[in-house]
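The values are calculated or read from the model by the stated rules, or taken from the named source; none is laboratory data. This is a predicted model, so every value here is computed, not measured. Glycine also receives a Cβ, built like all others from the backbone with ideal geometry; neighbour counts cover every protein chain displayed.
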Amino acid sequence: MKRVELTPGKWRGLQILSDEEGKFRMMAIDQRGSLKKALAKALSIPQDEVKDEDVVKTKIMITKVLSPYASAVLTDPVYGFPYTMEYIPRDVGILLAYEKTGYEKAQGGRKTSLLPDWSGEKIKRAGANAIKLLLYYRPDGDPEVGEYQREIVRKVGEEAKKYDIPFLLEPVGYEIEEPGKDSLEYAQQKPKIVIETVREFTKEEYGIDVLKLEFPADLKYTEEFAHGEFDGKEREPAYDLYEVEDICEELNDTATIPWVLLSAGVDIEEFLINVEIATAHGASGFLAGRAIWKDAVPFYPDLDKMEKWLSTEGVDNFVRLYKASEEAVPYYKHKKFGNFANIDLKDRGVDWHKNY
């Protein structure tokens, strides 16, 4: 196998984001809009009445209690990093989000915006170990919207290359028309949406180092779990677990770079099965948020009760996710690299410092 060259920032970043096994066991606490929505429900107030300090206090509590159990923490530069950086242990990596929360509604799709007054340079200067970009994307969507989204990814990829920092892309599919994501129609479409998205963004032109992916099927629409096992709602099945495993295998065959699984807000019991299946078929771990900690939010503003829940149930969620991801593929054993010994420093030599 041809040796794979990595720049020092990319290589060191991947090492720091992963654990001692080379697996990604990462926590996301970069939510903004969705967290405000959850806090509004907890406080029984309209979402626009949720104060910044409510979001900050919640992020501090979650980060303080759970970040020691993660190989890395994904946070945001608005309510997260400025208030929580001191609670993230020095041996835990940091990813910083680049996108503005939410999306712009466009005819035929959704458009992502980068956070104003924020940049790849600032992310690197802040001491982060990776740039993360959430991107709403439909490979079968409006061509103009699709190219707009792809151009944003190219821009961020160029910045990540310039500042020599890993780039993690989080592409998320969405429903273009009714009946919505929780439907038989979308469950049937989802495998193709996820796999074709992977096919696009593993192209070298984008400069992506790790993909943070949705599970490429919906367990609630499998023969085995369509009878309300997770939420009590009866559904018509779209596939069975054997087919879902084949879908994950196809995803992994398509991915030319390491990939991890996001939780997309599903409950922990469903996500544990997602992780077990995905890591048995090539995923290098997980980057999960709400599945781990969302059940602590309803206790707000009682910070003592939040801390108690996070210190018990939240920690247990992490412990179970570690077990579910035992078969995760270390990033350096992904087919891109083959093994750790096959990775080499780009331009290694006595003149390296001149060329870097």
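Tabulated data
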read-out	value
Asp76 vs. criteria surrounded by fewer than 21 Cβ atoms within 10 Å (Cβ to Cβ), closer than 22 Å to Met27 by Cβ and touching a residue at least 24 places away in the same chain (Cβ under 8 Å)	no
Filter result for Leu39 (under 20 Å from the mean Cα position of the chain (by Cα) and modelled with pLDDT of 95 or more)	no
Whichever residue in the range 240-263 is outside any helix (DSSP H, G or I) and crowded, with 20+ Cβ neighbours inside 10 Å and, among such residues, is nearest to the chain's Cα centre (by Cα)	Leu262
The range 10-32 residues that are in a loop (DSSP other than H, G, I, E, B), paired with ones that are modelled with pLDDT under 95 (beta carbon under 6 Å, 6 or more apart)	Arg32/Thr101
Test: residue in the range 44-67 that is crowded, with 18+ Cβ neighbours inside 10 Å, closer than 25 Å to Asp316 by Cα and out of contact with any helix residue (DSSP H, G or I) (no Cβ under 9 Å at 6 or more places or on another chain)	no
Subset of the range 80-127 that is under 21 Å from Lys10 (Cβ atoms) and among the small types (Gly, Ala, Ser) - its residue that is surrounded by the most Cβ atoms within 10 Å (Cβ to Cβ)	Ala97
Residues (part of a loop (DSSP other than H, G, I, E, B), touching a residue at least 24 places away in the same chain (Cβ under 8 Å), under 29 Å from Glu175 (Cβ atoms) and of a type outside the set (Ser, Thr, Tyr)) located in the range 79-107	Gly80, Gly102, Gln107
Matching entry among Arg138, Arg110, Arg154 (being part of a strand (DSSP E or B) and either more than 25 Å from Asp52 (Cα to Cα) or basic (Lys, Arg) (or both))	Arg110
Answer from Pro171, Pro143, Pro191, Pro166 - the residue that is of a type outside the set (A, V, I, L, M), farther than 21 Å from Gly289 by Cβ and under 19 Å from the mean Cα position of the chain (by Cα)	Pro191
Residue satisfying all of: in the range 290-349; under 24 Å from the mean Cα position of the chain (by Cα) and among the small types (Gly, Ala, Ser); surrounded by the fewest Cβ atoms within 10 Å (Cβ to Cβ) among these	Ser311
The range 41-62, residues that are more than 20 Å from Thr84 (Cβ to Cβ) and not polar (S, T, N, Q)	Lys41, Leu43, Ile45, Pro46, Asp48, Glu49
Residue that is touching a helix residue (DSSP H, G or I) at 6+ places or on another chain (Cβ under 8 Å), aliphatic (A, V, I, L, M) and free of Cβ contacts under 8 Å to residues at least 40 places away in the same chain, where the choices are Ala291, Ala255	Ala291
Filter result for the condition that a residue is out of contact with any helix residue (DSSP H, G or I) (no Cβ under 8 Å at 6 or more places or on another chain), of a type in the set (D, E, K, R), modelled with pLDDT of 95 or more and closer than 22 Å to Phe225 by Cα, over Lys181, Lys161, Lys155, Lys190	Lys190
Residue satisfying all of: in the range 265-288; crowded, with 22+ Cβ neighbours inside 10 Å and not in a helix (DSSP H, G or I); nearest to the chain's Cα centre (by Cα) among these	Leu287
Total residues in the range 114-135, condition within 23 Å of Trp259 (Cα to Cα), part of a helix (DSSP H, G or I) and not β-branched (Val, Ile, Thr)	2
Any pair with Cβ under 6 angstrom, 6 or more apart, that starts in the range 142-168 at a residue that is among the acidic types (Asp, Glu) and ends at one that is assigned to a helix (DSSP H, G or I)	Glu159/Gly120; Asp164/Gly9
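Matching residues to (1) of a type in the set (D, E, K, R); (2) touching a Ser or Thr at 6+ places or on another chain (Cβ under 9 Å); (3) closer than 24 Å to Asn274 by Cα:
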| residue | (1), (2), (3) |
| --- | --- |
| Leu134 | no, yes, yes |
| Gln149 | no, yes, no |
| Lys190 | yes, no, yes |
| Thr202 | no, yes, yes |
| Asp209 | yes, no, yes |
| Lys220 | yes, no, yes |
| Tyr239 | no, yes, yes |
